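Student: Below: one structure in C-alpha cells.
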Amino acid sequence: MTTSLYAAILVIILIVLSAKVIGARRSAGASLNDGNDDKLKRRIRAHGNFVEYTPIFLLTLLITELQGLEGVYLNLFGSLFVIGRTLHAYGIVESETKNKNFLYRQSGMFCTFFCLGSLALILLIQFLLSD
C-alpha cells in the first residue's frame, strides 16, 4: 500500500520534530510549558501544526487508495504533503527567526491545503459516482 510509505516517512518527521521540542525544552528548562522561550514556542507550534494536519491527510490518502485511486496520484499527493510539511516546519523554526521570511511556511501551507482539498474533492467525486 502506498499510504504505508507516506505514513512511515511522516512518522519519522514527527519523531524529528518531537526530538527538537524535547531538546528545546531542556535548553529552556521548561518541562511542561514554553518557558516564554521563543525557540521553544516555535518548535512546539511546528510539532503541533504537523500533528494537526497529518492524521487527516493520511486518512484521506488511505481512503482514496482503498477506493482505487491510481498510484501516480497517491505518490503525487504523498510527496507534495511531505514537502509541504517539511517546508512549513522549517519556516516556523528556522527561516522566520532569521529573516522574517514567511515563504517556506506559506508554501508549506499551500502544499498541505492543495493535497487535503484535492483528496477531499476526489472523495466527493468517488462518492457521487458510486452505486
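Student: Residue-wise, which Karplus ³J(HN,Hα) couplings in Hz belong to segment 110-127, taking 6.51 cos²θ - 1.76 cosθ + 1.60, θ = phi - 60°, and x for glycine or proline?
Tutor: Each residue's phi maps through the Karplus curve to give 4, 4, 4, 5, 4, 5, 4, x, 5, 5, 4, 5, 4, 4, 5, 5, 4, 5 Hz.
Student: Could you please rank ASP37, ASP131, placing first whichever residue has the fewest other Cβ atoms within 10 Å of its Cβ? Don't skip to the answer; put the middle values down first.
Tutor: Numbers: ASP37 17, ASP131 2.
Listing ASP37, ASP131 from fewest to most nearby Cβ atoms yields ASP131, ASP37.
Student: Only Cα pairs under 8 Å and at least 6 apart count here; give the relative contact order of the chain as a rounded whole percent. Don't jump to the answer; show the numbers that get you there.
Tutor: Values: 119 pairs, mean separation 33.8, N = 131.
The normalised contact order for the chain reaches 26 percent.
Student: Net charge near THR2: determine it from the other residues with C-beta under 12 Å of the C-beta of THR2, scoring Lys and Arg +1 and Asp and Glu -1.
Tutor: With Lys, Arg at +1 and Asp, Glu at -1, the neighbours total -2.
Student: For segment 1-75, list log₁₀ I(q)/I(0) at each q in 0.14, 0.15, 0.22 Å⁻¹, using the Debye formula over Cα point scatterers of equal strength and ignoring solvent, two decimals each.
Tutor: Values, matching the q order: -0.54, -0.59, -0.89.
Student: Let me have the 222 nm mean residue ellipticity of the chain computed from DSSP H runs of 4+ only, each contributing -39500 (n - 2.57), with the sum over all residues rounded to the nearest 500. Show your work: numbers first, answer last.
Tutor: Numbers: 5 runs with 107 residues, N = 131.
Only helices count here, giving -28500 deg cm²/dmol.
Student: Can you compute the radius of gyration and Dmax for the chain, using only the Cα atoms, both in Å?
Tutor: Cα-based Rg and Dmax for the chain come out at 16.7, 58 Å.
Student: TYR90 versus LEU124, label points 7 Å from Cα toward the beta carbon: distance in nm?
Tutor: 3.2 nm
Student: What are the semi-axes of the equivalent ellipsoid for segment 67-121, taken as the square roots of 5 times the Cα gyration tensor eigenvalues, largest first, in whole Å?
Tutor: On the way: eigenvalues 145, 18, 7 Å².
For segment 67-121, the semi-axes come out at 27, 10, 6 Å.
Student: Restricting attention to segment 26-121, which trypsin sites (Lys or Arg not before Pro) occupy a DSSP loop and are surrounded by at most 14 other Cβ atoms within 10 Å? Can you show the working numbers first?
Tutor: Numbers: sites: ARG26, LYS39, LYS41, ARG42, ARG43, ARG45, ARG85, LYS98, LYS100, ARG105; in loops: LYS100.
In loop regions of segment 26-121 (DSSP not H, G, I, E or B), the sparsely surrounded trypsin sites (Lys or Arg not before Pro) are LYS100.
Student: Tell me the net charge near PHE77. Cut-off is 15 Å between Cβ atoms, PHE77 excluded, with +1 for each Lys or Arg and -1 for each Asp or Glu.
Tutor: Values: positive: ARG85; negative: GLU65, GLU70.
That sum, taken over residues with Cβ under 15 Å, equals -1.
Student: Counting other beta carbons within 10 Å of each Cβ, put VAL82, VAL51 in order, fewest first.
Tutor: Ascending Cβ contact count within 10 Å gives the list VAL51, VAL82.
Values quoted throughout were computed directly from the atomic coordinates according to the rules given, and no laboratory measurement underlies them. In this text, all values refer to a predicted model and were calculated from it rather than measured experimentally. Every residue, glycine among them, receives a Cβ derived from its backbone with ideal geometry; neighbour counts consider all protein chains shown.
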